[in-house]
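Just so you know, all these numbers are worked out from the coordinates, no wet-lab data involved. Note that the coordinates shown come from a computational prediction; the quantities given were computed from them, not determined experimentally. No Cβ is skipped: glycine too gets one built from the backbone with ideal geometry, and neighbour counts run over all protein chains shown.
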Amino acid sequence: AGAAEEPCAPDRWEIFSAYLDLLCLRVALRLTADELPKRPGSAVRRLAARVAGQAHEAARRCLGPGQGELDRASFEELFPWRTGWAAAVLKENLLVPAGSGYRFAHEEFADWLQGQHLDLDLALTALVHRRYEARVRPADAPVAGP
């Protein structure tokens, strides 16, 4: 028999993925704390998957004009206060208050999560091509004389 393979250390992305799973499970446990003895584990896992979906949607929305910040209305739409989602998300430090909105608590984690939803072609166009086009004189612009 061959030597047992040594387990390799997880990479940064696997750690972030596991961290997201853990945070979402903890939020789900907070949301079901009163019902936990009556609620099967599979229901808690399904709720954790819903929390993950909302976290991904928050990451997508953070890519907009808010410079990585989720505006208050979007936060309340994704994590309603009346159902306890907002309080659970904030207590578990998935998101934290920032200015007039919210942001992910950990910057590098936020970059990883938002990066999963970044449209690279659109970003390249916005960052490179539009700036270049703004500097290039249109073909029909008058030419200044000597």
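Tally Lys/Arg at +1 and Asp/Glu at -1 over every other residue whose Cβ is under 14 Å from the Cβ of A18; what's the total?
Charge balance near A18 sits at -1.
Just in region 1-105: which GluC sites (Glu not before Pro) are loop by DSSP and have at most 15 other Cβ atoms within 10 Å?
Hits after loop and neighbour filter: E5, E35.
Please express the shape of region 1-92 as an equivalent ellipsoid: the semi-axes are the square roots of 5 times the eigenvalues of the C-alpha gyration tensor, given largest first in whole angstrom.
Its equivalent ellipsoid spans semi-axes of 30, 22, 9 Å.
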